Amino acid sequence: MRTIDNPRPAGGSLLTDPRARAWLFQILAVITVVAFGWYLFHNTQTNLAHRGITSGFGFLENAAGFGISQHLIDYSESDTYGRVFWVGLLNTLLVSVIGIFLATVMGFILGVGRLSSNWLIRQLATLYIEIFRNIPPLLLIFFVYFAVISPLPGPRNSLSLWDAVFVNNRGVQMPAPSAADGFWSFWLALLVALVAVVLLNRWARARRHATGQMFPVFWTSLGLFLAIPWLMTFIAGVPFTWEVPELQRFNIRGGWVVIPELVSIVVALSVYTAAFIGETVRSGIQSVSYGQTEAAASLGLRPGQVLRLVIVPQALRVIVPPLTSQYLNLAKNSSLAAAIGYPDMVSLFAGTVLNQTGQAIETMAITMSVYLAISISISLLMNWYNKRIALIER
Amino acid sequence: MIRVKSTLAALGAASLLGISGLAQAGATLDAVQKKGFVQCGISDGLPGFSYADAKGQYLGIDVDVCRAVAAAVFGDASKVKYSPLTAKERFTALQSGEVDMLSRNTTWTSSRDAAMGLNFTGVTYYDGQGFLVNKELGVKSAKELDGATVCIQAGTTTELNLSDYFRANNLKYTPITYDTSDESAKSLESGRCDVLTSDQSQLYAQRIKLAKPDDYVVLPEVISKEPLGPAVRQGDEEWFDIVRWTLFAMLNAEELGITSANVEEKAKSTKNPDVARLLGVEGEYGKDLKLPKDWAVQIVKQVGNYGEIFDRNVGAGSELKIERGLNALWNNGGVQYAPPVR
């Protein structure tokens with residue numbers, strides 16, 4: 001029996017068979033791509049060896065021997081380049097995470113402000129967006145660093161808050177907590193508060209669905225979060241003692257320090273990205289038909305509730321996909337931190353380590369894969385969230 | 001089908017290009033002669049070593065080394081094109097062939113010489129790392145710097161020496177790392193850091209660029225050996241020899257009393273065999289190096305001997321007024337010494 005998908009005429013060669021030919025070309029294409037890739041790799045290897053340039057990833061085991069101004073994990077000069085990698089990665093993630101959080105909050109406020117019925121708020125939000133959307137982020141970073149933070153007084157003339165928090169051109173120094181008697185019971189109390197809040201929320205939602213009555217969930221939760229740990233300190237003692245920063249010969253030492261480079265990059269990037277998120281949020285809200293607002297109002301919801309319960313959940317479906325690209329932009333723009341000496345991935349690893357070891361190809365490959373990994377993680381996370389909030393048609 | 005063909009053609013072309021990219025002895029001189037100039041990597045603005053004056057012309061010791069190589073190869077010191085490079089960019093620029101030589105106050109170390117595919121051709125300036133601080137702090141010695149914030153340039157040996165020195169003396173510090181020396185100087189001025197550390201010659205150079213140079217003082221400690229010199233790619237001995245002997249010619253010229261003013265006259269009338277050999281009157285020493293006969297004459301006439309270059313750029317005849325010190329000739333109390341031409 002002849003089938004339609006095998007139209008090979010009897011006695012025809014394999015070359016005239018379209019299916020065989022298709023396979024042949026596929027295989028040839030794969031071979032070419034693999035061969036080209038192998039050729040590039042081999043060529044690089046040969047040339048590096050020929051020019052006496054060390055290659056391979058062995059350098060990651062070597063001692064780095066230089067200091068780093070900000071490290072979230074323990075680091076000293078005798079640690080390895082591999083450790084420097086993690087320090088740089090965490091510093092990059094720190095900027096991205098704080099930046100994304102701040103940009104989102106500011107962006108939502110701006111987006112809602114753009115549509116406010118108050119003329120002044122509307123104009124201010126528009127002005128903000130039009131200004132910051134149109135300035136290159138690198139200039140914003142320089143502006144914050146050189147024009148806002150540099151002119152602050154030096155450590156000896158710091159602006160201080162109750163002699164505990166100091167602001168100067170070396171950053172913000174604040175007391176750091178260290179564990180005391182009530183440390184564990186404090187965390188226990190927080191856990192209890194958390195469970196209580198979750199239960200309260202469930203109960204309130206169930207009651208709302210059943211009876212339509214609203215319960216002030218937010219304020220009660222906040223109260224619980226503050227009251228339970230606070231009461232616990234009377235029983236078990238204070239959870240923390242505070243290490244207060246003190247002025248020494250050169251610097252204010254002790255406590256936590258937020259370095260000005262971090263402040264500059266986070267402020268500049270969130271201010272910049274917030275302008276874009278603001279527009280995204282505005283378009284998202286406008287995509288929800290005005291009839292929804294009127295319908296919600298006619299059901300007796302207050303304006304805040306209309307926004308929170310009716311408009312935003314529907315607008316999110318339009319907002320989330322472009323929001324993802326803004327998050328990706330922010331994460332990638334964080335590499336501009338290198339310009340002001342913030343020890344991020346680019347400045348530390350693709351900068352200092354590259355230069356000290358001279359292994360450009362390896363360090364650049366590692367750095368690029370890190371940004372790729374960060375970006376893909378953000379995308380996956382946002383896609384998952386997008387799916388979760390997508391309209392479920394019944 | 002047409003698309004497949006053109007892709008294959010592109011691949012073929014790419015592989016040919018890749019093969020011709022291999023380095024080999026003699027390739028650099030041939031390429032330099034063919035394009036008609038020396039592409040020289042210099043620093044991104046450092047008075048005395050390499051910086052652009054008001055007319056946009058590059059000046060400095062490092063620049064003069066590039067000009068001397070051009071004078072030796074072409075008999076014309078102006079046949080140089082400059083690539084200002086940051087400390088971070090410099091090695092990659094040389095490795096990838098973007099520049100023919102690096103003359104950029106770069107410290108000669110074993111790992112750079114052996115693992116990075118570079119060869120250092122000599123030492124143009126014997127330097128050491130020091131500290132520049134604001135007088136207001138009342139610091140007299142580097143040992144008092146416990147707890148200080150220190151500005152450094154990224155990717156330098158200074159970054160490593162700094163940490164060695166503070167660890168050895170059990171002192172704490174916070175490093176702030178910038179890409180360019182200008183940025184670190186600006187941060188010292190704004191008070192972001194207490195101390196600027198770099199090679200001493202650089203500190204003097206950066207000090208005169210500050211708004212109030214007199215408010216700042218260079219501490220007495222020198223914490224490292226920093227022999228600064230030109231570097232070329234490994235694997236091209238011919239080019240290596242040319243760059244190396246250009247510097248030696250300038251040192252020998254100073255030792256033999258040959259200056260830019262008297263070089264032509266000496267070349268005509270000398271009775272001294274050392275001078276005659278260096279200036280190409282006797283023997284074929286230029287030809288050995290694949291250079292013209294009068295290579296050393298051109299270097300000294302157009303650029304000067306080592307002493308002249310030093311004085312003009314960083315010494316008594318310049319704003320920096322740095323003493324010869326280690327950089328005096330060996331018979332004058334220093335360590336600058338060149339093998340003989342013969």
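Listing A:138, B:162 from fewest to most neighbouring C-beta atoms within 10 Å gives A:138, B:162. Other residues whose C-beta falls under 13 angstrom from the C-beta of residue B:137 contribute a net charge of -1, scoring Lys and Arg +1 and Asp and Glu -1.
Within a 10 angstrom radius of each residue's Cβ in A:251-258, how many Cβ atoms of other chains show up on average? Whole number is fine.
2
With a 10 Å cut-off between alpha carbons and a GNM built on chain A, which of A:47, A:329, A:157 moves the most? Evaluated over chain A, the most mobile residue of the options is A:47. Peptides B:258-269, A:268-279 ordered by packing proxy, namely the average of other Cβ atoms within 10 Å per residue, highest first: A:268-279, B:258-269.
In peptide A:22-34, how many Cβ atoms from other protein chains are near each Cβ within 10 Å, on average?
That works out to 1 on average.
The packing ranking of peptides A:193-205, A:339-351, highest mean first, is A:339-351, A:193-205, where packing means the average number of other beta carbon atoms within 10 angstrom of each residue. Taking other residues whose beta carbon is less than 12 angstrom from the beta carbon of residue B:63, and scoring Lys, Arg as +1 and Asp, Glu as -1, yields +1. Of the residues A:198, A:292, A:303, the one whose Cα sits farthest towards the positive end of the charge dipole of chain A is A:292 (charges of +1 on Lys and Arg Cβ, -1 on Asp and Glu Cβ, taken about the Cα centre).
When Cβ neighbours within 10 Å are restricted to other protein chains, what is their mean count per residue of peptide A:153-164?
1
Each listed q (0.17, 0.25 Å⁻¹) maps to a log10 I(q)/I(0) for the stretch A:45-108, found by the Debye formula over equal Cα scatterers with no solvent: -0.72, -0.97. Positive contributions from Lys and Arg (+1) and negative ones from Asp and Glu (-1), summed over other residues with Cβ under 14 Å from the Cβ of residue B:266, come out at -3. Basic side chains Lys and Arg get +1 at the Cβ, acidic Asp and Glu get -1 at the Cβ, and with that the dipole of the protein assembly as shown about its Cα centre reaches some 3120 debye.
Entry for chain B at q = 0.07, 0.10 Å⁻¹: log10 I(q)/I(0) = -0.33, -0.64, Debye formula applied to identical alpha-carbon scatterers, no solvent contribution. Each principal axis of the Cα cloud of the protein assembly as shown was evaluated for its coordinate range; sorted largest first, these ranges are 116, 97, 50 Å. Highest mobility in the GNM of chain B, judged by mean-square fluctuation with C-alpha springs under 10 Å and restricted to B:100, B:274, B:294, is found for B:274. Available extension along the chain between residue B:98 and residue B:209 is 37.0 nm, counting 0.36 nm per residue and deducting the alpha carbon span. In the elastic network of chain B, a GNM with C-alpha springs shorter than 10 Å, the most mobile of B:103, B:78, B:184 is B:78. The charge dipole of chain B, taken about its Cα centre with unit charges on the Cβ atoms of Lys, Arg (+1), Asp and Glu (-1) only, comes to about 720 debye. The 3J(HN,Hα) values that the Karplus relation (6.51, -1.76, 1.60; θ = phi - 60°) gives for the stretch A:58-68 are, in residue order, x, 4, 4, 8, 7, 5, 6, x, 10, x, 10 Hz. Gly and Pro appear as x. Evaluated with a Cβ-only charge set (Lys, Arg +1; Asp, Glu -1), the stretch B:129-224 carries a dipole of roughly 140 debye about its Cα centre, given to the nearest 20. Modelled spin labels at residue B:222 and residue A:392, positioned 7 Å past Cα toward Cβ, are 7.7 nm from each other. So in the stretch B:129-224, what percent of DSSP beta bridges are antiparallel if you round to the nearest 5? Of all bridge pairs located within the stretch B:129-224, approximately 50 percent are antiparallel. Once the chain from residue A:39 to residue A:377 is taken as fully extended at 0.36 nm per residue, the excess over their C-alpha distance is 118.6 nm. Going by neighbour counts of Cβ atoms within 10 Å, the residues A:382, B:250, B:116, A:214 line up, fewest first, as A:214, A:382, B:116, B:250.
If you plug the beta carbon distance of residue B:276 and residue B:164 into 1/(1 + (r/R0)^6) with R0 = 60 Å, you get a FRET efficiency near 0.80. The stretch between residue B:37 and residue B:342, if pulled fully straight at 0.36 nm per residue, gains 107.0 nm over its current Cα-Cα span.
Candidate membrane-span-like segments in chain A, meaning DSSP H helices with Cα atoms spread over at least 15 Å of their own axis and a Kyte-Doolittle mean of -1.0 or above, are A:18-50, A:81-114, A:119-132, A:183-211, A:217-236, A:260-286, A:312-333, A:360-389, with no membrane implied. What the Cβ-Cβ distance of residue A:123 and residue B:52 gives, at R0 = 51 Å and to the nearest 0.05, is a FRET efficiency of 0.60.
Measuring nothing but alpha carbons in the stretch B:129-224 and taking Rh as the Kirkwood radius, the Rg to Rh ratio lands at 0.91.
Between rounded, prolate and oblate, where does chain A land on the alpha carbon gyration tensor, with a ≥ b ≥ c its root eigenvalues, rounded for a/c under 1.5, else prolate if a/b exceeds b/c? Verdict is oblate for chain A. Cβ-Cβ distance of residue A:176 and residue A:286, R₀ of 30 Å, FRET efficiency by 1/(1 + (r/R0)^6): the value works out to about 0.05.
Residues A:209, A:71, A:50, A:42, arranged from fewest to most other Cβ atoms within 10 angstrom of their Cβ, appear as A:209, A:42, A:50, A:71.
The simple spin-label model puts a point 7 Å past each Cα toward its Cβ; for residue B:331 and residue A:385 those points are separated by 7.8 nm.
Bear in mind these aren't lab numbers, they're just calculated from the coordinates by the rules spelled out. Everything quoted here is computed from the prediction, not taken from an experiment. Positions of Cβ are backbone-derived with ideal geometry, glycine not excepted, and every protein chain shown enters the neighbour counts.
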